[in-house]
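Written out below as structure tokens is the structure these notes cover.
The values are calculated or read from the model by the stated rules, or taken from the named source; none is laboratory data. Just so we're clear, the structure is a prediction, and the values are computed from it rather than from any experiment. Methodologically, a virtual Cβ is constructed for each residue, glycine included, from the backbone with ideal geometry; neighbour enumeration extends over all protein chains shown.
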Amino acid sequence: MNPRVQQDPAEGSRETVERELKRESHQPPVARGKGDRKVTRDDVARMLRRDDDLLISQILAQQPSISELEQAVVWSRGEGDVADVAGQPLSGKVAKIYELIAASEPEED
């Protein structure tokens, strides 16, 4: 939990604010969020719920983040959110991953 610095400090608390600002400025940059890290083979297999080496390697070649992979998988299951259903097209890595997943699905009769 990251303490919040008061925007309008009470009179006499300038020292506290300056100390907190100095402390925060010396901290290493915040790591990217969990959803922004690059995926691993295990991440892909778990989200796809299958162990298809060819598909997994094709997805990993796209170097997606967790959030990009999640969005593509959600779309492939027909679970896009309201904005997606309203016609916002997929783009970039998400669209490519979705196409890879869709192409690997067995055809229905």
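Brief remarks follow.
- Tally of residues being surrounded by 12 or more Cβ atoms within 10 Å (Cβ to Cβ) and part of a helix (DSSP H, G or I) across region 40-58: 10
- Some residue of region 32-41 being among the basic types (K, R), over 30 Å from Y98 (Cα atoms) and at pLDDT below 60: no
- Output for region 76-98, where each listed residue is within 19 Å of K38 (Cα to Cα) and either of a type in the set (D, E, K, R) or modelled with pLDDT of 85 or more (or both): G92, K93, V94, A95, K96, I97, Y98
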